1. Is it true that some residue in region 56-71 is on the phi > 0 side of the Ramachandran plot and of a type in the set (Lys, Arg)?
2. Pull up region 61-84, narrow it to residues that are in a loop (DSSP other than H, G, I, E, B) and touching a strand residue (DSSP E or B) at 6+ places or on another chain (Cβ under 6 Å), then point me to the one that is surrounded by the most Cβ atoms within 10 Å (Cβ to Cβ).
3. Any residue at all in region 61-75 that's among the hydrophobic types (A, V, I, L, M, F, W, C) and free of Cβ contacts under 8 Å to residues at least 40 places away in the same chain?
4. Go through region 83-120 and give me each residue that's of a type outside the set (A, V, I, L, M, F, W, C) and either touching a residue at least 60 places away in the same chain (Cβ under 8 Å) or closer than 13 Å to ALA146 by Cα (or both).
5. Confirm whether LEU96 is over 21 Å from ALA39 (Cβ atoms) and among the aliphatic types (A, V, I, L, M).
6. Give VAL161, VAL105, VAL136 a once-over and let me know the one that is under 16 Å from ARG21 (Cα atoms) and either outside any helix (DSSP H, G or I) or polar (S, T, N, Q) (or both).
7. Testing PRO47 on (1) assigned to a helix (DSSP H, G or I); (2) free of Cβ contacts under 8 Å to residues at least 12 places away in the same chain, one condition comes back false. Which one is that?
8. Inspect all residues belonging to region 131-144 and state whether any of them is at negative phi, within 12 Å of the chain's Cα centre (by Cα) and charged (D, E, K, R).
Amino acid sequence: MRRSSGVKRAPRTASDSWTVRAIEDSDLPAAAALCAESAAHHASIQPKFFRAGGGRLPARGKNRTSLVAVDDDGLVSGFVSLKVHDTPDDPLLRPLRRAHVDELVVARAARRRGCGRALLEAARKWARAEGADQLVLTIWEGNDAAERLYRAAGLRQVSRVLVDDLSSDDGGAS
């Protein structure tokens, strides 16, 4: 017998299959709306880093791509932007080609339906085709749903970034 996790999931619908493809100019308005949603979320969890109303528009170009997830009705429900770069010449670092996810956004209505996983898998496929040895991304403290997605998809933590808020009244010690 399967036990419930206590988390209510959205009912499965016909739009639970995703087509992931390169972004097109006609997708940019939907991507901009997703960027605004993402910016508002990030500003709510890390207001000293992010502004609501900001956001990165999907990137395209040399060593970069943006992919969109489209549902069966043709609705853009998410996107991922990533770039490939080689390790800088540094005697401390091992030379590797890495793909860095700049942004992965899923519309609220499409969450917990496989859209993020489909985008992540397509990002991995693109990165491999570009010769990348690793897929890397940054997750911000407080972005619990994204962290669950990435961990369930097999990503693991390799570092932490700490901050000292020097402008606070207590001299930065928190």
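1. No.
2. The selected residue is ASP71.
3. no
4. GLU103, ARG108, ARG111, ARG112, ARG113, GLY114, GLY116, ARG117
5. When the stated conditions are applied, LEU96 passes them.
6. Exactly one of VAL161, VAL105, VAL136 is under 16 Å from ARG21 (Cα atoms) and either outside any helix (DSSP H, G or I) or polar (S, T, N, Q) (or both), namely VAL105.
7. Condition not satisfied by PRO47: (1).
8. no
The values are calculated or read from the model by the stated rules, or taken from the named source; none is laboratory data. Predicted, not measured: the structure shown is a model, and the values here were computed from it. Quick reminder, even Gly has a Cβ in these numbers, built from the backbone with ideal geometry, and neighbours come from all protein chains shown.
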